[in-house]
Amino acid sequence: MSELFRSPFDRRSTASEVIDGVDLSGKRAVITGATSGIGVETARALAAAGADVTLAVRRPDAGEQVAADLRTKTGNNAIHVARVDVADLDSVNAFTADWAGPLHILINNAGIMMLPELERGTGGHEQQFATNYLGHFALALGLRSALADAGGARMVTVSSSGHLFSPVVFDDLDYRFRPYDALGAYGQSKTAEVLLAVEADRRWSGEGIRANALHPGAIATNLQRHTGGLKTPEPYRKTIEQGAATSVFLAASPLVEGIGGRYFEDVNEAPQVTSRPTELGVPGVAVYALNTANAERLWGLGTDILRCAQP
């Protein structure tokens, strides 16, 4: 096992601090779910560093309002809006088909959390898995050539410590046999996102594409609308500026150049754990989320699902 990566930053660091001094002029970035929460702050930090940023969002009208505000705050007019609903493969495919030129940064930030009732999305698959994993998998596949053309690109996937509540249950992904469990389904989708980073990095690093996943921390955002709000005690919470720090660090910091296939939290690589930590604030990534056999199996399964979903 390689030594854990350590940065000079910690859980209190902000997006502005981790990107201080970085010049992203000439770099192009795509961020999904950038109409609220850490997605907006991630976009702001990258735009302030000079990047050309596309907000890939479900509601373009809301995206335009965010873009206008960010142009004013950053002085960067290269902030664009495109419709991408990761729960809708048609919108994902339309976006990737229209994309032209290289892409240096792809941030898979959009997501849904703990749907109270079982819902089904792409191909009849459980909706959290379909949205959080399949939609971003399709987006990454569609943008692969653009990432390769960048001559050095990064894919950053926002997972969660929620992955510690479930591995990917390959024999019953969609709750056809098990009783539906909102937290378990969310956890499975977040494990899938870590596995996406692991396998993408293995397959694509030779093309200059490095991929990592992360836990942003406990931040009060719209993501908790099905949970009655953020339940994490105040001392363990982060501001939105702190919550976006790890995403921005992995997307832009020269300190992580050449690093991929890993899981970060609090702007540092998390240690692997064989059981879920019982104390709040203890970092850790489940060994099953970094397992290369799981990652390869999920990639093949995802490819088959997307092939069957094609008209």
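The values are calculated or read from the model by the stated rules, or taken from the named source; none is laboratory data. Computed from a predicted structure; not experimentally measured. Neighbour counts run over all protein chains shown; Cβ positions are idealised from the backbone, glycine included. Ligands, DNA and RNA are excluded from the accessible area calculation, which covers all protein heavy atoms including side chains. Shrake-Rupley method; radii C 1.70, N 1.55, O 1.52, S 1.80 Å.
Some points to look at:
- Selection count where residues are on the phi > 0 side of the Ramachandran plot and modelled with pLDDT of 95 or more, scope the range 32-47: 1
- When ILE79 is tested against (1) under 23 Å from ALA218 (Cα atoms); (2) among the β-branched types (Val, Ile, Thr); (3) more than 18 Å from the chain's Cα centre (by Cα), just one condition goes unmet, and that condition is (1).
- Being on the phi < 0 side of the Ramachandran plot, of a type in the set (A, V, I, L, M) and assigned to a helix (DSSP H, G or I) is true of LEU134.
- When ALA68, ALA94, ALA82, ALA100 are checked against the criterion of being free of Cβ contacts under 8 Å to residues at least 60 places away in the same chain, surrounded by fewer than 16 Cβ atoms within 10 Å (Cβ to Cβ), within 27 Å of PHE249 (Cβ to Cβ) and among the hydrophobic types (A, V, I, L, M, F, W, C), a single residue qualifies: ALA68.
- Candidates GLY101, GLY124, GLY50, filtered to the one that is of a type outside the set (A, V, I, L, M, F, W, C), at positive phi and touching a helix residue (DSSP H, G or I) at 6+ places or on another chain (Cβ under 8 Å): GLY101
- Filtered by the rule that a residue be closer than 18 Å to LYS238 by Cβ and in a helix (DSSP H, G or I), the range 28-64 gives GLY37, ILE38, GLY39, VAL40, GLU41, THR42, ALA43, ARG44, ALA45.
Each row is one residue, and each column tells you yes or no for (1) polar (S, T, N, Q); (2) modelled with pLDDT of 95 or more; (3) open to solvent by 40 Å² or more (accessible area, probe 1.4 Å).
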| site | (1), (2), (3) |
| --- | --- |
| LEU143 | no, yes, no |
| SER159 | yes, yes, no |
| ARG202 | no, yes, yes |
| TYR236 | no, no, yes |
| ALA245 | no, yes, no |
